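The values are calculated or read from the model by the stated rules, or taken from the named source; none is laboratory data. The structure displayed is predicted, hence computed values, not measured ones. Cβ: placed from backbone, ideal geometry, glycine included. Neighbour counts: every protein chain shown. Remember, those area values only see protein heavy atoms, side chains included, never the ligands or the DNA or RNA. Shrake-Rupley method; radii C 1.70, N 1.55, O 1.52, S 1.80 Å.
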Amino acid sequence: MTTASASPDTPTVAVLGTGIMGSGMARSLLRDGLPVRVWNRTRSRAEPLAAHGATVTDTAEEAVRGADVLLTALNDGRSVAETLTAATPGLRPGQVWLQSSTVGLDATADLAQRAAGLGLVYLDAPVSGTKQPAEQGTLTVFVSGPSGARATALPVLDAIGQRTVWTGEEPGAATRLKLVANTWVINMVSSVAECLNLAEGLGLDPQLFLDAMRGGPLDTPYLQAKSAAVLSGDLSPSFALSTALKDSRLILDAAEASGVTLDLVAASAERFTRAEAAGHGGEDMIATYYAGRPA
């Protein structure tokens with residue numbers, strides 16, 4: 001059955017992928033009064049959204065049929081491509097596709113090409129932020145794609161983010177900016193982890209370091225929050241370590257293709273790899289702390 005589209009101010013949104021980011025964005029959309037359908041490969045991860053007003057579907061095809069905007073929030077390029085294939089029978093030309101997953105440059109180009117072949121209006125739209133901003137609707141969204149799609153996408157962008165940064169008309173520009181932004185985050189989290197490692201290795205209470213930094217020009221909320229997570233032992237993922245490892249590899253691939261050497265990201269990727277091998281992949285990315293501790 002085909003459902004009629006909503007008004008331009010309240011587009012019907014199909015959210016494909018209800019992990020940490022997708023579920024948070026879906027709740028933000030619902031809070032703004034937008035009709036939302038959700039699908040996840042493991043249905044049980046989508047079902048809690050029904051209590052917030054979402055329609056939970058059994059298939060990606062059912063989720064996208066009749067929707068005005070598609071929002072993908074999946075782990076990697078392969079997952080997005082597989083989901084698009086599964087959804088294809090329910091698609092129609094002219095639907096706007098906000099692709100928020102961080103998938104790298106090659107996958108972005110491939111997905112944009114596939115979208116064009118299906119008649120979809122592709123917006124490259126990765127987000128900056130983690131679990132709490134996704135749930136609060138305070139993400140920063142980087143977007144590149146046809147300006148003619150802005151009116152349809154705007155209610156969705158306003159619901160999930162506090163700021164939208166338009167980077168150009170062609171898909172790929174937003175992904176490039178996201179890779180740069182993630183480089184900053186990955187290098188920061190590694191710095192936090194190594195400072196805590198060294199403090200402990202030297203026999204210092206890490207809190208002494210945090211207190212020394214507090215309120216000064218080198219202090220950041222990120223330093224304090226991530227350190228608090230380690231010291232309290234609460235590593236519930238706002239951004240999972242395994243996802244950070246995936247993103248670091250995408251950054252290194254892009255750097256190599258552009259002739260740039262990123263020593264810090266390469267070192268961070270090695271730390272993430274060690275921490276993941278030790279069983280910390282599903283924890284918050286600050287679990288890279290464990291890569292610096294004695295075995």
Cβ charges +1 (Lys, Arg) and -1 (Asp, Glu), total dipole of the chain, debye: 440 debye
So the angle from the long Cα axis of helix 221-232 to the longest Cα principal axis of the chain, reported in degrees to the nearest 10, equals 70 degrees
Principal axis extents for the chain, Cα atoms only, whole Å, descending order, please. 66, 45, 35
In µm²/s, what is D for the stretch 84-230 at 4 °C and 1.567 mPa s, where D = kT/(6 pi eta Rh) by Stokes-Einstein and Rh is the Kirkwood radius from Cα pairs? 74 µm²/s
Considering the dipole of the stretch 151-290 built from charges on the beta carbon (Lys and Arg +1, Asp and Glu -1) around the Cα centre, which of GLY282, THR261, SER236 is farthest to its positive end? THR261
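How big is the charge dipole of the stretch 217-287 about its Cα centre, in debye rounded to the nearest 20, if each Lys and Arg gets +1 on its Cβ and each Asp and Glu gets -1 on its Cβ?
On the way: 5 positive and 10 negative charges, 13 e Å.
Rounded to the nearest 20 debye, it is 60 debye.
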Helix-derived mean residue ellipticity, 222 nm - over the chain, DSSP H n ≥ 4, -39500 (n - 2.57), to 500: -14500 deg cm²/dmol
If we sort 226-237, 202-213, 146-157 on the protection proxy, mean other Cβ atoms within 10 Å, highest first, what's the order? 146-157, 226-237, 202-213
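I need the peptides 10-23, 276-289 ranked by packing, meaning the mean over residues of other C-beta atoms within 10 angstrom, with the highest value on top.
Working: 10-23: 24.4, 276-289: 21.4.
Ranking the peptides 10-23, 276-289 by packing returns 10-23, 276-289.
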Point-charge dipole on Cβ atoms (K/R +1, D/E -1) for the stretch 53-127, about Cα centre, debye to 20: 160 debye
Cα extents of the stretch 116-161 along the three principal axes, largest first (Å): 35, 18, 15
Over the stretch 192-295, one equal point on each Cα, no solvent: what is log10 I(q)/I(0) by the Debye formula at q = 0.17, 0.18, 0.21, 0.22 Å⁻¹? -0.83, -0.91, -1.11, -1.17
Helix 105-118 sits at what angle to the longest principal axis of the chain, using alpha carbons and giving 0 to 90 degrees rounded to 10? 10 degrees
In the chain, taking the dipole from +1 charges on Lys and Arg beta carbons and -1 charges on Asp and Glu beta carbons about the Cα centre, the listed residue (TRP166, ALA63, PHE272) farthest towards the positive end is ALA63
Tilt of helix 77-87 relative to the longest C-alpha principal axis of the chain, in degrees (0 to 90, nearest 10)? 20 degrees
Per-residue HN-Hα couplings for the stretch 278-294 [Karplus 6.51, -1.76, 1.60; θ = phi - 60°; Hz; x = Gly/Pro]: 8, x, 9, x, x, 8, 4, 4, 5, 5, 4, 3, 5, 6, x, 8, x
Accessible surface of the chain, 1.4 Å probe, proportion on carbon and sulfur as whole %: 55 percent
Where both residues lie in the stretch 1-142, what percent of DSSP beta bridges are antiparallel, nearest 5? 10 percent
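Can you tell me, using C-alpha contacts under 8 Å and at least 6 residues apart, the relative contact order of the chain as a whole percent?
With pairs under 8 Å counted, the relative contact order is 15 percent.
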Proportion of all alpha-carbon pairs of the stretch 1-152 beyond 18 Å (%): 52 percent
